[in-house]
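First up is the structure itself, then whatever we jot down about it.
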Amino acid sequence: MNKVPIQIMDLTTLKAVVFELSQDIVPSRFENAQQIDSHTIQLGFRTLEKLSWIEISWIAEYPRIVQIPSPKRCGDKSTLAKQLKHLLLNLALVEIQQTGFERIVRFKFSSRPGNDVEKELVVELMGRYSNILLLDRSSKVITLGKQVKENHSRLRPIGTGDLYKSPPPLKGLVPKLSESFDSWKENICLVPSTFKNSLKNTYQGISPSLTLQIASNNYTEAINVINQPVTSIDLNTWEEIYRKWKEWLLDIENNNYSLNFNSSTEFVVWGEANITVKNKQIGLGLGIYYTNKIIDRKINSIREKLKHDLQKSKDDETRKLEEQGLLIKNISEYITMQTKANNILTLKSPTKKQIIEAQNLFKEAKRKKRSRESILKRVEFHKKKISEIESFELFIDSLMYENNVDKKYKLDSIIELQEEVEEYICIKKNLSKIKSKRKKEQASIIKEVKSPSGLKIQIGSNNRQNELISLRKGKKGDLWFHAQETPGSHVVLKSSNGLFDDKDIELAADLASFFSRARGNKLTPIIMVPIENLQRISGSLPGTVSHKGGKVLWGKAERAAKYFYQK
């Protein structure tokens, strides 16, 4: 499975965010805390102008400190959140400190600006050793994100009540703006290796992303440079890298930061070229970046698991279907047996032995016929299960086709699909949890587009949404569209709300084609039915309907795609 790339918050990015936060929320009063998952806390700080939120995460893969828009209320009952709210209540944030090239940030709190520091919130962003710790006046740990036991770190085990000890000092030379080109190049070339390894092993504060950034603004060129042995890099390239190195150090010294998403890495926070977001928006821009990337990763993870589970179930149902097919072949001779028995009994003077034989043949034929009927039912059952699985595969594919929709909506939609799959296909033992979630009225956001006449056209993104728009929310006068004889989303033209014309009908049919397994066809037969003529099929998946009458139209998926994506 391909993971969504997420750039780590390196030393340079951390300095940029700390500088911006120091300007933005110092001084401020601590107001709120909530923990959204086991490794992420959100803190609210009240300044004279506004309430600002920051997000701190100590997850090993992408630890971070960023600003975020005002979040929804959640996770405020976690132990860590309650402890922070209680211990920092009414305290003022008076300083945010980050020293040298260490990835450790100290948030200092006192009763008011100018008074002695009473509490410190220490954030360590160091890969798998990342953590968050609240210290008292004497630097004792009051609470922390995760306990570090001796089997995790023999150098620095730490828990509640322990005196805080700083991590071991960084290895390597401290980068200095005053260092000459010759000295800098000589230090890097001291132990010949590739440029990326030599630079990382020589100086502090070097990350893979920074190495790429100082090598070139172009990713391909940067990769080529950093993988070269230091002994094979020409003088012009060395001089250009040194120029960028000095530019980096000068920006750090002058706190000259900007956020750029168009460079050799996912983002860069120094340098003047192609500035995307200026000062005072770096933390927020990064907050949005990490939120979107993490959601993308969750979506991809759920999608891959769903595809695997559905394929496994489909293979299982196909195997069972083939087994039933073989059984049918083995018992299809019951007609021959009946014919043979009839021939015996139509003899002029059948013997007693022949009559007994005919009776036995009739009994065996009857048994085989009953078995055949039972097998045919199982065949229909397995075919139905395969069709249901294919409808789920379609919903996943349709969701992945939509690149311009809100990522949170996309995540919610695929989580709903996952719940449906677990309930109806890959049945989980503990269904009570799923059912309890479904007791509340579903807060699904239905996909909608406007028709040329301004009417709503609703599109189901899963089976429950199909049922919602077609059977529960559909009104007399609405029109229902569905690709004929193939899995697809229900599409409802809300024609009960106003007058419609042929263009509205055409778009609804096109959308039914686009959101169906027949998406790749030039033309797709679409059935259009007044919604009052639909009836739910009991014992089937939600949204499975039969209908009376209807009219067959021809939908063009390609035409729908253009209309849908320009919205």
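Per-structure values
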item	result
Residue in the range 80-87 that is assigned to a loop (DSSP other than H, G, I, E, B) and either modelled with pLDDT under 95 or in the same structural domain as Glu120 (by TED's automatic domain parsing) (or both) present	no
So Asn197, is it surrounded by fewer than 16 Cβ atoms within 10 Å (Cβ to Cβ) and in the same structural domain as Trp248 (by TED's automatic domain parsing)	no
Subset of the range 112-147 (residues that are surrounded by fewer than 13 Cβ atoms within 10 Å (Cβ to Cβ) and free of Cβ contacts under 8 Å to residues at least 40 places away in the same chain)	Arg112, Gly114, Asn115, Asp116, Arg137, Ser138
Residue list for the range 544-567, filter: modelled with pLDDT of 90 or more, part of a loop (DSSP other than H, G, I, E, B) and within 20 Å of Glu448 (Cα to Cα)	Lys556
Hits in the range 521-543 (condition: under 20 Å from Lys384 (Cα atoms), in a loop (DSSP other than H, G, I, E, B) and not hydrophobic (A, V, I, L, M, F, W, C))	Ser538, Gly539, Ser540, Pro542, Gly543
Yes/no for Arg46 being farther than 16 Å from Thr143 by Cβ, at pLDDT 95 or above and surrounded by fewer than 17 Cβ atoms within 10 Å (Cβ to Cβ)	yes
Residue satisfying all of: in the range 198-218; in contact with a helix residue (DSSP H, G or I) (Cβ under 7 Å, 6 or more places away or on another chain) and among the hydroxyl-bearing types (Ser, Thr, Tyr); farthest from Leu173 (Cα to Cα) among these	Ser216
Test: residue in the range 223-230 that is touching a residue at least 40 places away in the same chain (Cβ under 8 Å), in a loop (DSSP other than H, G, I, E, B) and over 21 Å from Trp270 (Cβ atoms)	no
Residue satisfying condition, being at pLDDT 80 or above and assigned to a helix (DSSP H, G or I), within set Leu361, Leu376	Leu376
All positions within the range 9-29 that are out of contact with any strand residue (DSSP E or B) (no Cβ under 6 Å at 6 or more places or on another chain) and crowded, with 18+ Cβ neighbours inside 10 Å	Asp10, Leu11, Thr12, Thr13, Leu14, Lys15, Ala16, Phe19, Glu20, Asp24
All positions within the range 90-115 that are over 20 Å from Val17 (Cβ atoms), among the aliphatic types (A, V, I, L, M) and in contact with an Asp or Glu (Cβ under 9 Å, 6 or more places away or on another chain)	Leu91
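The values are calculated or read from the model by the stated rules, or taken from the named source; none is laboratory data. Being a predicted model, the structure only gives us computed values, none of them experimental. As a convention, Cβ positions derive from the backbone with ideal geometry for all residues, glycine included, and neighbour counts pool all protein chains shown.
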